[in-house]
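Only the coordinates and a few stated rules stand behind these numbers; no lab work does. Note that the structure is a prediction, hence the values are computed from the model and not measured. Because the Cβ atoms are built from the backbone with ideal geometry, glycine has one as well, and the counts that use them run over all protein chains shown.
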């Protein structure tokens, strides 16, 4: 059985962020529903905004809940699709969190689900093009 390795927010930081703020977990791989795809994350972004998402205060996005995977932009490969516009093997950008697999759909989450343009390096989608 394949597992979904995750890094969860264990406690909100009060100063510098450190390993004590996170907890490792292994969960079953999520199942996509109609209109969704299962993405295997290949690249995750690590951005200054993530520090703000760890704090329990109003911001442009709600804070990451304690016990939830840490939010991050990601680029991955569609490995199962229940959406007519996305095929197995498509490279996509989405909100993948710090985990191996994520269920995504267009319009779902802060980043939705976007196919990578042909010829664009996946790493670039999480930096200058993302």
Please report the relative contact order for the chain, taking Cα pairs under 8 Å with a sequence separation of at least 6, and give it as a percent rounded to a whole number.
27 percent
Using packing as a proxy for protection, rank 66-74, 113-121 so that the peptide with the highest average count of other Cβ atoms within 10 Å comes first.
66-74, 113-121
How many angstrom lie between the Cα centre of the range 10-74 and the Cα centre of the range 77-101?
17 Å
Would you calculate, for the chain, the mean residue ellipticity at 222 nm contributed by helices, counting each DSSP H stretch of 4 or more residues as -39,500 (n - 2.57) and dividing by all residues, to the nearest 500?
-500 deg cm²/dmol
Give the order of 108, 33, 40 when sorted by the count of other beta carbons within 10 angstrom, beginning with the fewest.
33, 108, 40
Mean Cβ neighbour count within 10 Å, used as a protection proxy, ranking 78-90, 8-20 highest first:
78-90, 8-20
Give me the tail of P(r) for the range 29-98 as a percent: Cα-Cα pairs with distance above 20 Å.
38 percent
Please state the Cα pair-distance histogram of the range 1-119 with 10 angstrom bins from zero: what percent is in each bin?
14, 43, 31, 11, 1
